[in-house]
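Participant: Have a look at this one.
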Amino acid sequence: MIDKCYCRGLQLKNKKVGTIVVGGSPVDSIQYELIDKQFDCMAKYLSWDMLFKKSYYATARDELEKNKDSMNELEGIGKNL
C-alpha cells in the first residue's frame, strides 16, 4: 500500500492521515517510536497532514476491545474524522 501512495503522491497531497498501532510490547518500547518516525517521514515527503498517532499494547486478540478507555478514545477519533 505504501508504494501505491508514493506513486500517487500528487493525487494524495494534503491528505489527512493518522496511525493506530497495536503491538505486543508496552507502548514505551522503541518499536512504537520507530513506527511513528517512519510515518512522520512518509507524511512529510508526501505532504500529508498527520492528524493523530495512537499506540496501544495488547497481547490477546480481544484485549484492546475489552479496554473501555482505549475503545472510547478510538471512538472519539472516529467521530472527529
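Computed from the coordinates by the stated procedures, all read-outs in this text should not be read as laboratory data. Bear in mind that the values here come from a model prediction, so they are computed numbers and not experimental data. All Cβ positions, glycine included, derive from the backbone under ideal geometry; neighbour counts span all protein chains shown.
Participant: What list of ³J(HN,Hα) couplings, whole Hz, do you get for the range 41-58 from phi and the Karplus terms 6.51, -1.76, 1.60, once you set θ to phi - 60° and write x for glycine and proline?
Facilitator: Listing the rounded values in order: 4, 5, 5, 5, 4, 8, 6, 8, 9, 7, 7, 7, 9, 10, 10, 9, 9, 7 Hz.
Participant: Please give the FRET efficiency for Asn14 paired with Lys79, using the beta carbon to beta carbon distance and R0 = 25 Å, rounded to the nearest 0.05.
Facilitator: 0.70
Participant: So how much slack lies between Arg61 and Lys37, counting 0.36 nm per residue of separation and subtracting their Cα-Cα distance, in nm?
Facilitator: Here the segment from Arg61 to Lys37 would lengthen by 6.1 nm.
Participant: What percent does the relative contact order of the chain come to when contacts are Cα pairs within less than 8 Å and at least six residues apart? List each step's numbers first, then the result.
Facilitator: On the way: 74 pairs, mean separation 28.7, N = 81.
Over the chain, the number comes to 35 percent.
Participant: Within the range 16-41, what residues put their amide N at less than 12 Å from the label point 7 Å along the Cα-to-Cβ vector of Phe52?
Facilitator: Label zone hits: 17-21.
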